[in-house]
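For reference, the structure discussed in these notes is given below.
The values are calculated or read from the model by the stated rules, or taken from the named source; none is laboratory data. The structure displayed is predicted, hence computed values, not measured ones. Cβ placement follows ideal geometry from the backbone for every residue including glycine, while neighbour counts extend to all protein chains displayed. Protein only, heavy atoms only, side chains kept; ligands, DNA and RNA dropped before computing areas. Shrake-Rupley method; radii C 1.70, N 1.55, O 1.52, S 1.80 Å.
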Amino acid sequence: MARLVEVTDVILRDAHQSLMATRMALEDMLPACEALDAAGYWSLECWGGATYDSCIRFLNEDPWERLRTFKKLLPNTKTQMLLRGQNLLGYRHYEDTVVDRFVEKAAENGMDVFRVFDALNDTRNLKRAMDAVKRTGKHAQGTICYTISPVHTVEKFVDMAQRLVEMGVDSICLKDMAALLKPQPAYDIVKGIKEKCGEDILVHVHVHSTTGVTLVSLMKAIEAGADIVDTSVSSMSLGPGHNPTESLVEMLEGTGFETKIDLEKVYLARDHFAKIKGRYAEFLTDFQGAETEIFKSQIPGGMLSNMESQLKQQGMGDRMPEVLAEVPKVREDAGFPPLVTPSSQIVGSQAVFNVMMGRYKVMTGEFSDLMLGYYGKTDAEKNPEVVAQAKESAKKEEITVRPADTLKPEWDDLKEKAFALEGNNGSDEDVLTYAMFPQVAPKFFAERHKGPLNLGKDPSAPRLAVDPSHPGFLKQPIDYEITVNGNKKKVTVAPV
Ligand code: CO
């Protein structure tokens with residue numbers, strides 16, 4: 001009998017984050033929900049830092065309302081989110097009770113699976129969020145960020161998996177955000193985890209398709225025992241996105257592995273997203289092919305474009321080759337952090353400064369903090385000379401404790417500040433929005449009553465939720481209030 005491989009579809013979060021700058025409005029996802037819910041997925045990833053940020057920054061949409069709507073429309077499938085450990089969905093470390101409150105509220109509003117990661121793979125930064133998830137009875141998934149460096153061996157990743165299992169996680173995710181995970185290491189790491197942590201521990205593999213090698217990596221991971229893999233509906237796949245769900249299902253035919261995905265249902269979702277995609281043309285990534293340069297440079301695409309624009313602002317656009325050569329040196333000095341948000345930006349900016357001003361003549365505050373342990377512990381030793389320079393530059397001491405242990409209780413203070421803002425609704429959810437995005441929250445609270453914006457502009461493409469000729473795939477009609485080009489409308493999304 002064939003062994004079952006479960007599938008998580010990332011269409012409602014990572015797919016549009018990777019392909020259209022996270023701009024997809026909830027309105028354009030609703031009509032696909034019934035088909036997605038019936039397709040037989042293990043879970044649907046639908047919430048995370050970038051979608052939350054985009055909701056309040058661009059779409060005038062309450063991210064909590066989005067979550068509740070997904071929960072309502074996906075009754076048969078687990079909802080899943082990506083949580084940045086002690087950073088929650090923001091860009092700094094939060095004190096423990098804020099972490100607890102966030103997890104409780106997310107669970108209460110409908111979140112089922114919490115994929116928790118830390119940019120430095122410092123498990124101390126995952127523990128509090130994991131414990132909070134366990135208390136809610138929801139699924140706690142511990143994450144290993146995959147990266148390549150002289151210190152990142154198969155054993156190192158397997159050891160981390162072991163520590164996550166000891167922490168009591170319900171499953172382990174091997175997360176490859178830069179599409180660096182080649183087939184053989186994918187096999188070796190998953191095999192290593194199964195051998196060391198036991199066959200029973202669920203292993204979930206997340207890869208992007210950027211480099212063109214990772215559909216094969218998924219196959220090898222499955223052969224090594226991976227239980228769940230991440231893919232995306234084909235009309236929103238490939239390029240810097242993910243491998244197509246339908247391709248994975250077809251690929252497994254005759255291999256001794258099978259999914260329980262109903263392709264007919266996936267086709268309905270595929271057609272829907274194919275139709276609305278064109279409306280977001282101005283946000284769609286130009287890059288649709290395969291990018292293999294990253295195997296040489298180890299520098300993810302997003303980080304490259306950040307460094308380029310920093311250099312250009314200084315009129316030094318021609319010095320990119322020097323910066324590219326500087327990145328590995330800076331990364332080594334910093335103890336080989338994986339290059340993922342925020343460490344990719346921190347390392348990239350410092351490399352730019354080194355080239356412009358001389359090595360470590362000017363140190364960014366963030367880089368000093370990274371060198372002094374304020375983001376956590378890195379996998380390799382840091383360069384002690386650069387640590388000494390960071391102390392001098394930042395005028396503070398190195399810490400070796402968990403960064404959040406240096407923070408004082410902050411919930412009451414955050415609450416007071418959030419509740420002083422016009423348009424706040426007095427909920428803990430609003431306090432959390434303010435805590436994570438203090439610059440954006442005031443404008444969002446003040447303008448929330450105007451209702452969501454849809455930035456999909458191409459007039460030639462149909463507006464699904466407001467166009468009765470494209471009613472979607474729902475069983476029950478749902479009423480939804482939206483704002484289209486400044487006009488508030490009550491919309492009923494009707495069944496086919
Ligand atoms: Co991803």
(message) Quick check: net charge around Pro342, other residues with Cβ under 15 Å of its Cβ, Lys/Arg +1 and Asp/Glu -1?
(response) -2
(request) Could you tell me what fraction of 2.2 N^0.38 Å the Cα radius of gyration of the chain comes to, as a two-decimal ratio? (result) 0.96
(request) Pull up the cross-link candidates among the aspartates and glutamates for Lys395, meaning alpha carbon to alpha carbon under 16 Å and not fewer than 8 places away within one chain. (result) Glu366, Asp369, Glu385
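Could you size up the charge dipole of segment 1-135 around its Cα centre, putting +1 on the beta carbon of Lys and Arg and -1 on that of Asp and Glu, and report it in debye to the nearest 20? Don't skip to the answer; put the middle values down first.
Values: 19 positive and 21 negative charges, 68 e Å.
Roughly 320 debye, rounded to the nearest 20.
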(message) Students often forget the sequence filter, so: which lysines lie under 19 Å Cα-Cα from Lys391 once same-chain residues fewer than 8 apart are removed?
(response) Lys361, Lys377, Lys382
(request) Measure out, as a whole number of angstrom, how far apart the alpha-carbon centroids of segment 192-228 and segment 422-437 sit. (result) 38
(message) If the only charges are +1 at each Lys and Arg Cβ and -1 at each Asp and Glu Cβ, what is the size of the charge dipole of segment 273-365 around the Cα centre, to the nearest 20 debye?
(response) 200
(request) Distance check, please: which entries in Lys138/Lys443; Lys127/Lys182; Lys138/Lys175; Lys296/Lys329; Lys194/Lys329; Lys127/Lys329 exceed 23 angstrom between their Cα atoms? (result) Lys138/Lys443; Lys127/Lys182; Lys194/Lys329; Lys127/Lys329
(request) For the chain, with all protein chains present and a 1.4 Å probe, just round the carbon and sulfur fraction of the accessible area to a whole percent. (result) 51
(request) Taking the Cβ of Arg92 as the centre, find all other residues whose Cβ is under 12 Å away and add up their charges (Lys, Arg: +1; Asp, Glu: -1). (result) -3
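For segment 130-165, which trypsin sites (Lys or Arg not before Pro) pass both filters: DSSP loop (anything but H, G, I, E, B) and at most 11 other C-beta atoms within 10 Å?
Details: sites: Lys134, Arg135, Lys138, Lys156, Arg163; in loops: Lys138.
Here no loop site has a sparse enough neighbourhood.
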(request) For a quick protection proxy, order the peptides 366-372, 293-299 by their average other-Cβ count within 10 Å, most packed first. (result) 366-372, 293-299
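Can you list the GluC sites (Glu not before Pro) in segment 229-287 that are in a DSSP coil and have 14 or fewer other beta carbons within 10 angstrom?
Passing sites in segment 229-287 are Glu253.
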(message) Before I look further, what does the chain give for accessible area per residue, probe 1.4 Å, in whole square angstrom?
(response) 39
(request) Normalise the Debye intensity by I(0) for segment 75-189, one equal point scatterer per Cα, no solvent, then take log10 at q = 0.14, 0.21 Å⁻¹ and round to two decimals. (result) -0.57, -1.13
(request) Scan segment 164-232 for GluC sites (Glu not before Pro) in coil per DSSP, keeping those whose Cβ has at most 10 other Cβ atoms within 10 Å, and list them by number. (result) Glu199
(message) What is the sum of charges, Lys and Arg at +1 and Asp and Glu at -1, for the other residues whose Cβ falls under 9 Å from the Cβ of Asp112?
(response) +3
